[in-house]
Each structure stands twice: as C-alpha cells, then as structure tokens.
Amino acid sequence: MTKHIFVTGGVVSSLGKGLTSASLALLLKRRGYRVRMQKMDPYLNVDPGTMSPYQHGEVYVTADGAEADLDLGHYERFTGIPCARRSNFTAGQIYSAVLSREREGGYLGKTVQVIPHITDEIKEAVRCLDGPEVDIAITEIGGTVGDIESLPFLEAIRQYRHEIGPRNGLFAHITLVPYIRAAGELKTKPSQQSVGILRSIGIFPEILVCRCEKPLGKEHKEKLAMFCNVEPNLVIEERDVAHSIYEVPLDLARQDVDVYTLEKLGLHVKPLDLEDWETMVRALIEPPNGEVEIAVVGKYITLRDSYKSVYEALTHGGIANGVRVKIRMVESEKLESGAWEEHLAGARGVLAPGGFGNRGIEGKIRAARFAREKKVPFFGICLGMQCAVMEFGRNVCGLAGANSTEFDERAPHPVIDLMESQKTVKERGGTMRLGAWPCALAPESRARHAYGQNEISERHRHRYEFNNKYREQMEARGLTISGLSPDGKLVEIVELKDHPWFVACQFHPEFQSTPLDAHPLFREFVRAAVVKRG
Ligand code: GLN
C-alpha cells in the first residue's frame, strides 16, 4: 500500500515548501523507497501555461507535455524521479473536471457541491499516485494555510488521511519562525497560530519544519513542540542555507527527519548514502577552478523565478566543470539603446533563454550578434534560438527585415514561422507543441559531441519554428543544422562552425539538468566559457 505525506505551508508564502518536499523525497528515495511527488495549486487557471512569467515564474514542462508549476523542477532535480501530468493539479483543473461531468449528466439528480464533489475529485487526484510501484507519495499543497481557496484541498487531505489511517499518512507543516531584530528574538507565535488554524479544520501536523534565519534554540523547539502538539524531535530547524539550495537535504538529514518520518509511517529504516550529494555540494561551495561569468539576456529578468531551471542548469554546468557560474542578469530591452555593449562586456558566455512577445526582441538579437561577432560562447534556447536565426538571416544572409511572424506577420523574410500544426489552433491553453520529442543529431556537430549519442529526447514549449524555406540559404552561409526531428521536418538545433561555441536549440534543455548530472549542452557551454576566460 502506498503511504502518503501531505505538506502544507503556514504564515507566509515563499517558504520553499517545494524545496523541502523535494529534499525529503530525496532522503526517502536514498533510503531505498520508491517515491512519487505531486503539487496541488489552489488557483483557478487550469494550468500556469497562460500566466505571465511575472505572475507565476517559470512554467515547467513535463516529459508528457504538461505545463506545470516550477516546484516540479525541484522535484525532478533533487530526486531524479520523473514528474508527469498527474504531478500537478490546480483548482481550475479539479473544478473543470467536476463541471464537465455535471454537464454530461454524471451527477443527475444531485446538487453538485464543494463537499463532497470537489473534495472527492481532489482525493482522486491524490489517489492517482497510488500503486504497487510507489511506496511513498508526497503531496504538496500550494498557498498558505488560512487562505480561503486552499480550504477544499485541506479538507480533502484531511479526509484522505482519515480513510487510510495514521500509520499510512502524515502531515508535515512548513512554517516560519521569524527573527525580530529589535527584540533580538525568534518568535514562535505565528507558527502556533498557523498550526491552530490547521487543527481547527481537523489536521494535526506531526512534523513541523521551521524556516528561520537564526538557529532554533532548545527552548524554542520545546515551546513549539508543546504548543503545536508535535514531538520535540519532529520540530525540525530549516535555517536559510549559506550557499546553495542543494544543502537543504543535508541539513534535514542531520536532524534525521527521514528516520522519524519512516518510523511514523511504520516503514523499515534502511541505510542512507548521500556521499555523492555531499561531494557535489562541496564542489559547488568550493569550486576548484574559480568563477566564470555568464550573461543571461532575458525578457523577465526582474523576477528570478522566471528562469529558475535555466539558472539551476547553469549552476549544474558549473559543478561539472569545477567552476562557480556567476550569472549576470541582463534585461534584453537594455540592449536596445545607449551604451548597450557595456551590459555584455566581460561576460564569458551569453545565454538567451525562452520567452513570448515582441518586447525586448531586438535586444536579444543584438546579444546574439555580439556573441557571434565577438566569438563569445552563445547558447540560445527556444526564443533565444529564434532570435539567433533572425540575426543570422539579417546580418549574415543579408535578409533585411528577417523576423518571426510572432512579431511581424508581414515580415519580408519570415525566417521563423508558425508551425503548420499550429495554424488551425484557436484555443490558447495547453495547445503549444509540448513535452518530449525525439531529435536526431548530425554527426560531427557540437551537439552530437556534447550528447555523445545520435538521438536524444528533449522537452518543448513553442508555436513557432525555423522556416525550412531558408534552410539551404542559411546553411550555405555557415549555419549548421545539427538537430532535426526524425522526419527531418523541424529544425531543433542550429550551430555555427566558425565560432568557439555557438549552439541554439528550439527545445528546453534546462528541464533535464540535475546537480549530479548536468545537461550536456549546459556542461559544454560552461566549458566553452571557461576556455574563453582562460
Ligand atoms: N514564442 C516562441 C514560440 O512560441 C518561443 C517560445 C519559448 O521560448 N518557449 O515559438
């Protein structure tokens, strides 16, 4: 039988529930258990795909093509356990399923209500992780306890745990223990109140993970244990990490949170081996080969979460090369006027990530030109690749006004155009080319060299593509098409021969990079930046 852990968050948002859940999952996996994870988001969008990155941060894409919460990125990076569509549910999805069923006559004769119909649907979503191949399922509830919109989710997990019994499920609550500088004290009251809210709706957390910036003293732990009704050894300190999020599992392991969790669930405590993780964290904190600076030229730079997986993958590329990657975040619009080159000067590599819409495009194109002409390693991803192709069209092939039809429907040279399969698509939600698709690599290419194999699978999220009408012309001027869909129709990777390292791909390699196994393209890009640094 699959055992369940439900993770809630209290006091404030942004406590890193996703990181904590992922860290716990890593520890349980390393103790020999088969773990699956999922996130419940209480908002009403069916998925985050239609939200602006400023609202939501990055939209993560699973191999099976779900547009999902960025916490799934933490889950996959920490545990290596693949997420799928069933790893993320939103209130919108739940309501939409119930309402469609109502229209189909699935509830004939009944009044359709939040309880039991919505809560039943949520329980079904939790249950879909169950199975003989899963020992432990971790369900993280988004939002903060006390929010009106998360109530149906909390009620559903309360019922779920009641049905499976206390040995088969447990509640972990992540809370904040703030340090009040003026008083020089840590305060436990907000956590007590947050647990109070949970208890008033019938949820009694057994693990209390306390986010704090100062160490929790014995007296704080005892107080929290007493007033939150939690065993003292299950009041866990999760202090702000000094260097990297990858330290979190090590901190939690030191407090045996995994041991107590397994004991609570009546599971055998098998040995834990974290040696490779420890080695990785050490390499990250004290890299033997110093630092290298890389400029990320994006459209949504002010919000760090917008490019979460890209920044993480760069860090992984750094670990693989024994360097610390210092990221210089450059808002692409800043490259459109004034002394724009200053923003790129000195960077040993330029990365142009994905995005949508016209704003800042000319800045990205300039970044690609700068990197091409100055022989600075360049890595384009999705929109970043499209901009590199526009730049090459304009400035190498002499195609004045070369553009993507996303930005100029009447472009004289639509070198990037809407995919054929997208031309009839009207609805906006979940209709892009999504998820993992195979790609064949050209022999002798940089891509082939990086991956070390002929065929790869990468995740996509786009509507526009390289326009095949310009293939020959661009190849004749020195653009190598090094990755194609197996039917040869879609250009997936382009690169430049006469350049230290210029690779751009239509897919999102950042979603498959992990700290223990950096993505080959990120690894090679960072390597090229280190060579450039000298
Ligand atoms: N806007 C571009 C497209 O739809 C690029 C998308 C992306 O960068 N994810 O093709």
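The values are calculated or read from the model by the stated rules, or taken from the named source; none is laboratory data. Please read these numbers as outputs of a predicted model, since none were measured by experiment. Because the Cβ atoms are built from the backbone with ideal geometry, glycine has one as well, and the counts that use them run over all protein chains shown.
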TODO: Test each condition in (1) closer than 21 Å to Ser52 by Cα; (2) surrounded by 22 or more Cβ atoms within 10 Å (Cβ to Cβ); (3) aliphatic (A, V, I, L, M); (4) away from the ligand (no atom under 15 Å from the Cβ) for Met329 and report the one that comes out false.
DONE: (2)
Task: For Ser482: the one exception among (1) among the polar types (S, T, N, Q); (2) away from the ligand (no atom under 16 Å from the Cβ); (3) over 23 Å from the mean Cα position of the chain (by Cα); (4) surrounded by fewer than 21 Cβ atoms within 10 Å (Cβ to Cβ) - done: (4)
- [ ] Confirm whether Ala182 is small (Gly, Ala, Ser), crowded, with 18+ Cβ neighbours inside 10 Å and without any contact (Cβ under 8 Å) to a residue 40 or more places away in the chain.
- [x] no
Task: Residue satisfying all of: in the stretch 120-145; within 24 Å of Gly196 (Cα to Cα) and in contact with a Lys or Arg (Cβ under 9 Å, 6 or more places away or on another chain); surrounded by the most Cβ atoms within 10 Å (Cβ to Cβ) among these - done: Glu140
- [ ] Confirm whether Pro500 is surrounded by fewer than 18 Cβ atoms within 10 Å (Cβ to Cβ) and out of contact with any helix residue (DSSP H, G or I) (no Cβ under 6 Å at 6 or more places or on another chain).
- [x] no
Task: Ile81 vs. criteria within 31 Å of the chain's Cα centre (by Cα) and in a loop (DSSP other than H, G, I, E, B) - done: yes
- [ ] Go through the stretch 486-500 and give me each residue that's closer than 18 Å to Leu521 by Cα and in contact with a strand residue (DSSP E or B) (Cβ under 7 Å, 6 or more places away or on another chain).
- [x] Val491, Glu492, Ile493, Val494, Glu495, Leu496, Lys497
Task: strands (runs of 3 or more DSSP E) (entirely within the stretch 475-532) containing at least 2 residues that are in contact with a Leu (Cβ under 7 Å, 6 or more places away or on another chain), of a type in the set (A, V, I, L, M, F, W, C) and under 22 Å from Ile319 (Cα atoms) - done: 502-505
Task: Enumeration of residues in the stretch 146-165 that are of a type in the set (Lys, Arg) and buried (at least 19 other Cβ atoms within 10 Å of the Cβ) - done: Arg161
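Matching residues to (1) more than 24 Å from Ser457 (Cα to Cα); (2) modelled with pLDDT of 95 or more; (3) assigned to a loop (DSSP other than H, G, I, E, B):
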{"position": "Tyr33", "(1), (2), (3)": "yes, yes, yes"}
{"position": "Met40", "(1), (2), (3)": "yes, yes, no"}
{"position": "Glu76", "(1), (2), (3)": "no, yes, no"}
{"position": "Gln93", "(1), (2), (3)": "yes, yes, no"}
{"position": "Ser96", "(1), (2), (3)": "yes, yes, no"}
{"position": "Ser100", "(1), (2), (3)": "yes, yes, no"}
{"position": "Ile118", "(1), (2), (3)": "yes, yes, no"}
{"position": "Glu124", "(1), (2), (3)": "yes, yes, no"}
Task: Only listed residue being farther than 30 Å from Gly346 by Cβ, among the acidic types (Asp, Glu) and either surrounded by 20 or more Cβ atoms within 10 Å (Cβ to Cβ) or away from the ligand (no atom under 14 Å from the Cβ) (or both), chosen from Glu495, Glu524, Glu465, Glu510 - done: Glu465
Task: Listing of strands (runs of 3 or more DSSP E) fully contained in the stretch 343-437 that carry 1 or more residues being polar (S, T, N, Q) and within 14 Å of the ligand (Cβ to nearest atom) - done: 402-404
- [ ] Could you pull out the residue among Gly80, Gly109 that is more than 30 Å from His519 (Cβ to Cβ) and surrounded by fewer than 17 Cβ atoms within 10 Å (Cβ to Cβ)?
- [x] Gly109
Open item on the list: Out of the residues in the stretch 441-462 meeting the condition of being touching a residue at least 24 places away in the same chain (Cβ under 8 Å) and among the acidic types (Asp, Glu), tell me which one is nearest to the ligand (Cβ to nearest atom).
Closed with: Glu458
TODO: Select from the stretch 243-274 the residues that are without any contact (Cβ under 8 Å) to a residue 12 or more places away in the chain and aliphatic (A, V, I, L, M) and list them in ascending order.
DONE: Val259
Open item on the list: Are there helices (runs of 4 or more DSSP H) fully within the stretch 227-335 with at least 3 residues that are within 21 Å of the chain's Cα centre (by Cα) and among the aliphatic types (A, V, I, L, M)? List them.
Closed with: 275-285, 308-321
